[in-house]
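To keep things clear, I will list the structure first and then write my remarks on it.
The values are calculated or read from the model by the stated rules, or taken from the named source; none is laboratory data. It should be emphasised that the depicted structure is a prediction, and the values quoted were computed from it without experimental measurement. Neighbour counts run over all protein chains shown; Cβ positions are idealised from the backbone, glycine included. Quick note on the areas: whole protein, heavy atoms, side chains included, nothing else; ligands and nucleic acids left out. Shrake-Rupley method; radii C 1.70, N 1.55, O 1.52, S 1.80 Å.
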Amino acid sequence: MTITGEGSRSASRWWCCTQKAPNHHQLARDSSKRTRHRTTHKRRESAMKRTKTAATTTTARMEGTVVPSILELPPTDSCSHTSFNYKFYRYQYLRPVAILYIALAVILANVSAFEPDFVYPLENVTVAKGRDATFTCVVNNLGGYRVSGEATPARVAWIKADAKAILAIHEHVITNNGRLSVTHNDYNTWTLVIRNVKMEDRGVYMCQVNTDPMKMQTAFLEVVIPPDIIYEETSGDMMVPEGGSAKLICKARGYPKPKIVWRREDGREIIARNGTHGKMKATIVEGEMLSLTKVTRSEMGAYMCIASNGVPPSVSKRLKLQVHFHPLIQVPNQLVGAPLGTDVTLICNVEASPKAINYWQRENGEMIISNERYLMNENESSMYAVQMTLVIRKLHKSDMGGYKCISKNSIGDAEGTIRLYEMELQKKTKSAHRVNSVEDTSGNDEINSTPNIDQSDESNKIHKNGRLYKGLQAGEHDLISSSTSDASVRVGPVTLWPLVVGALALALTHGNTPRVRC
């Protein structure tokens, strides 16, 4: 017999509970009983759900409420104990969850008791004029705090402390200044921005919270200005006579006040003279005024006035000091010799200030014009020094004589003289077989000639050290020894020793000793 429909499901459930096959009569008798059990079981499950919801809501509102225990619920029937045990093990974790909910409720209830606090100190700001400045204020626990006696929460305000002016409250700018703005990141950070900062923005700024008592922190806004030369109060290029005095003045504006230093453009030392310290040399001199006394031509040049205050960029001005003096000419070689047909160069060194007019002329007053034979040039070695050169090509006999280099400026004039003469080139000759020829061993090309000693009118002259003497010197003999190898003449007592030795040998050979006069 096959069971279908509701009877089939009831039989399966019952089989699960009793774990043995019932007979058909028993199923018929218990049909109404099982229907009542199902109804009762559904009602109790609905009651359990309502109890769980009520317990959860109560524990969220009341501290210390105990969740009802499922152990107190009676079992539905003998055949539903397996389903009941499964729900019991699932609902037993409601107790720690309820405790966690209660703790969270307590914490949230006590948050409103925490007072606002600054997380970071307000930092000082230094900014150049025309730039933007930013202050950042970080405050925690501001949303849950209620101002005493008011229902509104605490707020952050920006105040300029030295002027006692309220700039902004929360995100609203109060002051009538279009360069100010306030931003908030919707959490704990408030930012005050000042655009295009001016000098009047300098001062103390305050981030304030309206607690009871009030909390605040301050920072200073420093506005700096780069240095700038005040040209209307600064000296320009200056001209002084040599030996005079000069005062160079340089002034600059800026904040902080700029420092002025002086230095020479070429890097040379500045010579400062005063009554107390005398003469002082330094590469850098500080001060708005540079005083120079007894100025010399070596102090002529460009001076740099440099202003700096730690705010970039530094600025400078170039001042040129001109020292006036009459021309001065120095001639390295006043006598110049050269052979005909060669090129020769004449040089004059000129110093003059202001710049002079320089030219060449002959000693007869004839001015030299630059052409294919005469080449003139000027090379500047400093602000006041010039080297004049005159090149004469293919020297002629008519070019010999005096030349003048002349320099003239507004103060005076000067001239230098050079004499040009002809130099003869002689060839070096040698004669090894002529007794009357002597070669100079000093390396000169000149030939020293000695007269023939056999001639009676010249017998009283001998050559010694390139000189001619009359007669014999004391202790010397009239004996000349010539050598064909060097063609030199040696005269003196040293040449007599071979004769003395020979005479003694001859006397010993013949047994007679002749007398020898020395």
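Does K281 count as within 30 Å of V125 (Cα to Cα) and either modelled with pLDDT under 95 or assigned to a loop (DSSP other than H, G, I, E, B) (or both)? Answer is no for this residue. Residue count for segment 395-450 satisfying the condition of being part of a strand (DSSP E or B) and modelled with pLDDT of 50 or more: 18. Of all residues in segment 248-274, those that are open to solvent by 70 Å² or more (accessible area, probe 1.4 Å) have Cβ atoms under 6 Å from Cβ atoms of residues that are of a type in the set (A, V, I, L, M) and in a strand (DSSP E or B), 6 or more apart or on another chain, in Y255/V224; Y255/I225; R263/M304; E265/A302; E265/M304. Is it the case that some residue within segment 134-141 is at pLDDT 70 or above, farther than 23 Å from L221 by Cα and assigned to a strand (DSSP E or B)? So far as segment 134-141 goes, yes, one or more of its residues are at pLDDT 70 or above, farther than 23 Å from L221 by Cα and assigned to a strand (DSSP E or B). In segment 174-208, the qualifying residues are those that are among the β-branched types (V, I, T) and surrounded by fewer than 17 Cβ atoms within 10 Å (Cβ to Cβ), and the one that is farthest from G254 (Cα to Cα) is T189. Looking at (1) open to solvent by 50 Å² or more (accessible area, probe 1.4 Å); (2) within 30 Å of I225 (Cβ to Cβ), can you tell me which one M376 breaks? Here M376 meets the rest and fails (2). Could you go through segment 389-403 and let me know if any residue there is of a type in the set (S, T, Y) and surrounded by 15 or more Cβ atoms within 10 Å (Cβ to Cβ). Yes: segment 389-403 contains one or more residues that are of a type in the set (S, T, Y) and surrounded by 15 or more Cβ atoms within 10 Å (Cβ to Cβ).
Of the residues making up segment 294-315, those that are open to solvent by 10 Å² or more (accessible area, probe 1.4 Å) and either closer than 15 Å to A282 by Cβ or within 22 Å of the chain's Cα centre (by Cα) (or both) are M304, I306, S308, N309, G310, V311, P312, P313, S314, V315.
Residues in segment 352-373 that are open to solvent by 30 Å² or more (accessible area, probe 1.4 Å) and part of a loop (DSSP other than H, G, I, E, B): P354, K355, E363, N364, G365, E366, I369, S370, N371, E372, R373. Going through (1) under 30 Å from V261 (Cα atoms); (2) in contact with a strand residue (DSSP E or B) (Cβ under 6 Å, 6 or more places away or on another chain); (3) open to solvent by 20 Å² or more (accessible area, probe 1.4 Å) one by one, L221 falls short only on (3).
One residue stands out in segment 327-345 among those that are in a strand (DSSP E or B) and small (G, A, S): the one that is most open to solvent (accessible area, probe 1.4 Å), namely G337. What's the number of the only condition in (1) buried (at least 18 other Cβ atoms within 10 Å of the Cβ); (2) outside any strand (DSSP E or B); (3) not hydroxyl-bearing (S, T, Y) that H324 fails to meet? Of everything listed in (1) buried (at least 18 other Cβ atoms within 10 Å of the Cβ); (2) outside any strand (DSSP E or B); (3) not hydroxyl-bearing (S, T, Y), H324 misses just condition (2).
Looking only at residues in segment 275-290 that are open to solvent by 40 Å² or more (accessible area, probe 1.4 Å) and over 24 Å from the mean Cα position of the chain (by Cα), the one that is farthest from A385 (Cα to Cα) is T276. Could we say that N349 is at pLDDT 95 or above and open to solvent by 40 Å² or more (accessible area, probe 1.4 Å) here? Considered against the rule, which asks whether it is at pLDDT 95 or above and open to solvent by 40 Å² or more (accessible area, probe 1.4 Å), N349 comes out as yes.
For every residue, the table says whether it meets (1) under 14 Å from I406 (Cα atoms); (2) out of contact with any Leu (no Cβ under 9 Å at 6 or more places or on another chain); (3) touching a residue at least 12 places away in the same chain (Cβ under 8 Å); (4) not basic (K, R).
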| site | (1), (2), (3), (4) |
| --- | --- |
| G287 | no, yes, yes, yes |
| A307 | no, yes, yes, yes |
| L335 | no, no, yes, yes |
| T342 | no, no, yes, yes |
| L346 | yes, no, yes, yes |
| E351 | yes, no, yes, yes |
| R362 | yes, yes, yes, no |
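From the set of residues in segment 154-172 that are hydrophobic (A, V, I, L, M, F, W, C) and under 18 Å from V138 (Cα atoms), which is surrounded by the fewest Cβ atoms within 10 Å (Cβ to Cβ)? Going through the qualifying residues, I end up with I169.
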